[in-house]
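Undergrad: Below is one structure. I have some questions about it.
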């Protein structure tokens, strides 16, 4: 039996841009968050977008606060009151709003010789952007069909988003769902999310993305997959020691799913990389 543990992350989740830093670039907030051309100037050429965890939720109708706070774009208030209204939520649309502009920014950076990419957010992060996630989880037993439908819509939408990001030049795609961790949800709900969403989503990505694209999971998600025996770790030796970010790119075409380390461990030197094999 695999050991079920949570990954202890030492990094802050998100940090927006300060108004002073934006002004030094000749930009103004929050306008800079709204256009591909200006979003592209907010990050390094090898950076990761978005700068906030509410991008997908906003695309689905979440009420977002946009101002010049260094916290960046964030939830303003609940857009729906509970689980029943999740059935009214549509599908993620990569050709709409800030999601579209974020993809445009990634494409602009990569067309100019950069290696920018995106980080997708999972169902608990998205639900948290729309409403109080605990209300939804508590209502799961009474309305399982609502969550099943929502999960499938989100799988379809995120898969389209991932394919659009790949078309924009992303080699390594990131996926995270930190509010869906073991320590927050507990074993019962964490297992349900892993089985009902994470596994089918990763299988959809594996089917739709070309073999040269790697998906890097937040270790909190990876540890749930191995802990619930939905995946196992394997090791890929590298030809030389290199920074973790470079190792992830070196794995392209050789493995599909990474995620034993946090992506923010980018400068740590490694001579091998651990990857996940779905069971």
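Undergrad: Only one of 72, 26 is surrounded by 19 or more Cβ atoms within 10 Å (Cβ to Cβ), on the phi > 0 side of the Ramachandran plot and either part of a loop (DSSP other than H, G, I, E, B) or at pLDDT 95 or above (or both); which?
TA: None of the others qualify; the one that does is 72.
Undergrad: Any chance the stretch 244-267 includes a residue that's closer than 17 Å to residue 11 by Cα and loosely packed, with under 13 Cβ neighbours inside 10 Å?
TA: So far as the stretch 244-267 goes, yes, one or more of its residues are closer than 17 Å to residue 11 by Cα and loosely packed, with under 13 Cβ neighbours inside 10 Å.
Undergrad: Considering only residues of the stretch 29-51 that are in a loop (DSSP other than H, G, I, E, B) and out of contact with any helix residue (DSSP H, G or I) (no Cβ under 8 Å at 6 or more places or on another chain), which is nearest to residue 97 (Cα to Cα)?
TA: Ranking the candidates gives 30 first.
Undergrad: Condition first: surrounded by fewer than 16 Cβ atoms within 10 Å (Cβ to Cβ), closer than 24 Å to residue 133 by Cβ and touching a residue at least 60 places away in the same chain (Cβ under 8 Å). Now tell me which residues in the stretch 29-69 satisfy that.
TA: 61
Undergrad: Now, a different point. Go through the stretch 206-225 and give me each residue that's in contact with a helix residue (DSSP H, G or I) (Cβ under 9 Å, 6 or more places away or on another chain), surrounded by fewer than 21 Cβ atoms within 10 Å (Cβ to Cβ) and assigned to a helix (DSSP H, G or I).
TA: Correct list: 207, 208.
Undergrad: Follow-up question, since we're still on this one. For the stretch 190-199, does any single residue satisfy the condition of being more than 16 Å from the chain's Cα centre (by Cα) and either surrounded by 22 or more Cβ atoms within 10 Å (Cβ to Cβ) or under 19 Å from residue 264 (Cα atoms) (or both)?
TA: yes
Undergrad: Filter the stretch 75-105 down to residues that are in a loop (DSSP other than H, G, I, E, B) and surrounded by fewer than 19 Cβ atoms within 10 Å (Cβ to Cβ), then give me how many there are.
TA: Going through the stretch 75-105 one residue at a time, the tally reaches 9.
Undergrad: Given the structure, is residue 118 farther than 27 Å from residue 245 by Cβ, touching a residue at least 60 places away in the same chain (Cβ under 8 Å) and buried (at least 19 other Cβ atoms within 10 Å of the Cβ)?
TA: No: the conditions fail for residue 118.
Undergrad: Residues that are free of Cβ contacts under 8 Å to residues at least 60 places away in the same chain and out of contact with any helix residue (DSSP H, G or I) (no Cβ under 9 Å at 6 or more places or on another chain): does the stretch 167-179 have at least one?
TA: No; the residues of the stretch 167-179 include none that is free of Cβ contacts under 8 Å to residues at least 60 places away in the same chain and out of contact with any helix residue (DSSP H, G or I) (no Cβ under 9 Å at 6 or more places or on another chain).
Undergrad: Quick one: which helices (runs of 4 or more DSSP H) lie wholly within the stretch 106-181 and hold at least 1 residues that are out of contact with any strand residue (DSSP E or B) (no Cβ under 6 Å at 6 or more places or on another chain) and at pLDDT below 95?
TA: Those helices (runs of 4 or more DSSP H) span 133-138, 144-167.
Undergrad: Do you know which residues across the stretch 238-279 are part of a strand (DSSP E or B) and on the phi > 0 side of the Ramachandran plot? It would help to see each step written out before you state the result.
TA: Going through the stretch 238-279, the residues part of a strand (DSSP E or B) turn out to be 238-243, 252, 255, 257-258, 269-278.
None - no residue of the stretch 238-279 is part of a strand (DSSP E or B) and on the phi > 0 side of the Ramachandran plot, so the list stays empty.
Undergrad: Do you know which residues across the stretch 1-20 are within 20 Å of residue 183 (Cα to Cα), at pLDDT below 80, surrounded by 10 or more Cβ atoms within 10 Å (Cβ to Cβ) and under 16 Å from the mean Cα position of the chain (by Cα)?
TA: 13, 14 - these are the residues of the stretch 1-20 that are within 20 Å of residue 183 (Cα to Cα), at pLDDT below 80, surrounded by 10 or more Cβ atoms within 10 Å (Cβ to Cβ) and under 16 Å from the mean Cα position of the chain (by Cα).
The values are calculated or read from the model by the stated rules, or taken from the named source; none is laboratory data. Just so we're clear, the structure is a prediction, and the values are computed from it rather than from any experiment. Backbone-built Cβ (ideal geometry, glycine too); neighbour counts: all protein chains shown.
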